[in-house]
Amino acid sequence: MVINDRESTPLMISPKGGGRLAPRPTARRSANAANAAQQVTDDEMENIVNPNNGRLPTRRRNGNIPPRHQNGPMETHYFSGKFDPPPPDLTRPEDQSERRPSTGNNNKLFAIATKSLQSTVQRISKVCGIVTRTIKPLWQKGPLSSKTKTKKINTSFGSENSVERYEDNYNDLPYQCTFGTSTDNGIWLNYSDQPGLIMSSMVSFMIIYSGFTVTLLANHNSLNSIVSATYCTICALALSCHAKTQLTDPGSIPSHTSPHGHAVPTEADGANRAEFPMCSVCETYKPPRCHHCRICNRCIAGMDHHCPWMNNCIGTGNLKHFILFLIYVWMASFYALLIFGFNYFFCGNEECIFPNGLVHLVRIMTLLCVGALIFTSNMIVSVLWGIMTGMGTIDRLKKQELETIEQCEEEPVPWTDVFGIGAYWTWILPIDPLFDDYDRVMGYASTQRLLREKNMSMI
């Protein structure tokens, strides 16, 4: 309703069904006009009731036409879809203001919409700022504050000594929701390597394809539902480990420009060494078993190699997820080949025969499983050899080139430095490991963490 001088005027719109709304006079009209509206002759009433009396032109659409209205005010009439609208009055020139709105009104509406959008954006920015200021301390410090703990451990002589430890819950990782491999990015993802993105996407597609094929076979009653569910579970775990390996920081060394402090040698390395290597690219401390990756453009602690199928480096931070991925892919490939081989050699009835439309999918999947089984077997042996000897792939290749591999003095990597000190059921799940001594496992310490440790010791 449009309010004007404390009186209401109905809004001129078209009713549903495609009809037209004739103009209705306002309540503020004279008595003569009201009397003139009621003076309708018999002939005009006959035209309204029976439009087919020959008095009007026979321009029809559905067999009937509406009457021609007399000039002057009259009541509102709705004409349904079976009538054509009344012909326009050619004696009166067309009013341009009624045909389309003026440019000034459009400018006013645009200005109002722009102002409303700006105010909405400002309110959203204020809310986001409040949420960021609230979440940032919780993200950095965690739900628990750092505290000391007392644990009893067994010494080499069999006695128990009380060792004081502390738990540092401060989160040094950035909280920005950005993708990249720099210090300021909150989500680790190497999007600058296009071949790596394509190859990692191919791995995900092949895993999804294999699970989809087995599901179709179970849907056509060619496989048992339990067999299909088991295979799809293995594929889901493999896919989760692949995503976790790709999106997890492999152990990047903080640079000298990091707001959370740069890397420094640990207490054990500082006491045993007088000189410390530095990375000429990152300009930061380079711990043992650390290498600079030119693709990720970062120094990675405990770097084994850069895997294009993962689109990420394999280091101390994601070595557990990479090993689980290899194991689950190997299990899925072996399980699929076992199913297809049993169906090929021992199928004796029509129920276990694969449909003709799915035979081609099974053949493609068989080739993929054979290649994946060979590749993962080789990688599993290589990774396990590196853990047992303490030499990664890069270190082994360098020593083989210099013919000094027999002179290596590296110690084996403990399994707790790979899978953490959590319960054994956490070893088979793609969750981040919990290390007993993070600095020792990574090979470096940060200045901010050492300051927090100093403050804890003063309490």
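The values are calculated or read from the model by the stated rules, or taken from the named source; none is laboratory data. Note that this is a predicted model, so its numbers are computed, not measured. Note: ideal-geometry Cβ built from the backbone for every residue, glycine included; neighbour counts use all protein chains shown. Ligands, DNA and RNA are excluded from the accessible area calculation, which covers all protein heavy atoms including side chains. Shrake-Rupley method; radii C 1.70, N 1.55, O 1.52, S 1.80 Å.
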Does region 378-399 contain any residue that is over 25 Å from Leu324 (Cβ atoms) and exposed (fewer than 14 other Cβ atoms within 10 Å of the Cβ)?
-> no
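Is it the case that region 296-306 has a residue that's small (Gly, Ala, Ser) and either in a helix (DSSP H, G or I) or open to solvent by 60 Å² or more (accessible area, probe 1.4 Å) (or both)?
Let us first name the residues in region 296-306 that are small (Gly, Ala, Ser), namely 301-302.
Imposing the further condition that a residue be either in a helix (DSSP H, G or I) or open to solvent by 60 Å² or more (accessible area, probe 1.4 Å) (or both) reduces the set to none.
Within region 296-306, not a single residue is small (Gly, Ala, Ser) and either in a helix (DSSP H, G or I) or open to solvent by 60 Å² or more (accessible area, probe 1.4 Å) (or both).
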What number of residues in region 344-363 are open to solvent by 20 Å² or more (accessible area, probe 1.4 Å), in a helix (DSSP H, G or I) and touching a residue at least 60 places away in the same chain (Cβ under 8 Å)?
-> 1
Among (1) modelled with pLDDT under 70; (2) within 19 Å of the chain's Cα centre (by Cα); (3) not polar (S, T, N, Q), the one test that Lys141 misses | (2)
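Sort out which residues of region 205-241 are within 25 Å of the chain's Cα centre (by Cα) and farther than 17 Å from Ala336 by Cβ, and write them in order of number. Walk me through it before giving the result.
Initially, region 205-241 is screened for residues within 25 Å of the chain's Cα centre (by Cα), giving 205-212, 232-241.
If the condition is that a residue be within 25 Å of the chain's Cα centre (by Cα) and farther than 17 Å from Ala336 by Cβ, then Ser240, Cys241 are the ones that fit.
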What residue, among those in region 303-358 that are aromatic (Phe, Trp, Tyr) and within 26 Å of the chain's Cα centre (by Cα), is farthest from Pro433 (Cα to Cα)?
-> Trp309
Please work out which one of (1) at pLDDT 95 or above; (2) in contact with a strand residue (DSSP E or B) (Cβ under 8 Å, 6 or more places away or on another chain) is the condition Gly392 fails and give its number.
-> (1)
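I need a count of the residues in region 308-339 that are part of a strand (DSSP E or B) and either free of Cβ contacts under 8 Å to residues at least 24 places away in the same chain or out of contact with any Phe, Trp or Tyr (no Cβ under 8 Å at 6 or more places or on another chain) (or both). Explain how you work it out, then say what you get.
From region 308-339, those part of a strand (DSSP E or B) are 312-314; that's our starting set.
In the following step, the residues that additionally are either free of Cβ contacts under 8 Å to residues at least 24 places away in the same chain or out of contact with any Phe, Trp or Tyr (no Cβ under 8 Å at 6 or more places or on another chain) (or both) were identified as 313.
The qualifying residues number 1.
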May I ask you to verify whether Thr233 is touching a residue at least 40 places away in the same chain (Cβ under 8 Å), surrounded by fewer than 20 Cβ atoms within 10 Å (Cβ to Cβ), β-branched (Val, Ile, Thr) and on the phi < 0 side of the Ramachandran plot?
-> no
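Listed here are the residues, each with its yes/no results for (1) touching a helix residue (DSSP H, G or I) at 6+ places or on another chain (Cβ under 8 Å); (2) modelled with pLDDT of 95 or more.
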residue	(1), (2)
Ala218	yes, no
Leu223	yes, no
Ser228	yes, no
Cys232	yes, yes
Ile253	no, no
Ala271	no, no
Ala274	no, no
Val281	no, no
Thr284	no, no
Answer residue from region 202-221, given it is touching a residue at least 60 places away in the same chain (Cβ under 8 Å) and among the hydroxyl-bearing types (Ser, Thr, Tyr) and is surrounded by the most Cβ atoms within 10 Å (Cβ to Cβ) among those | Ser210
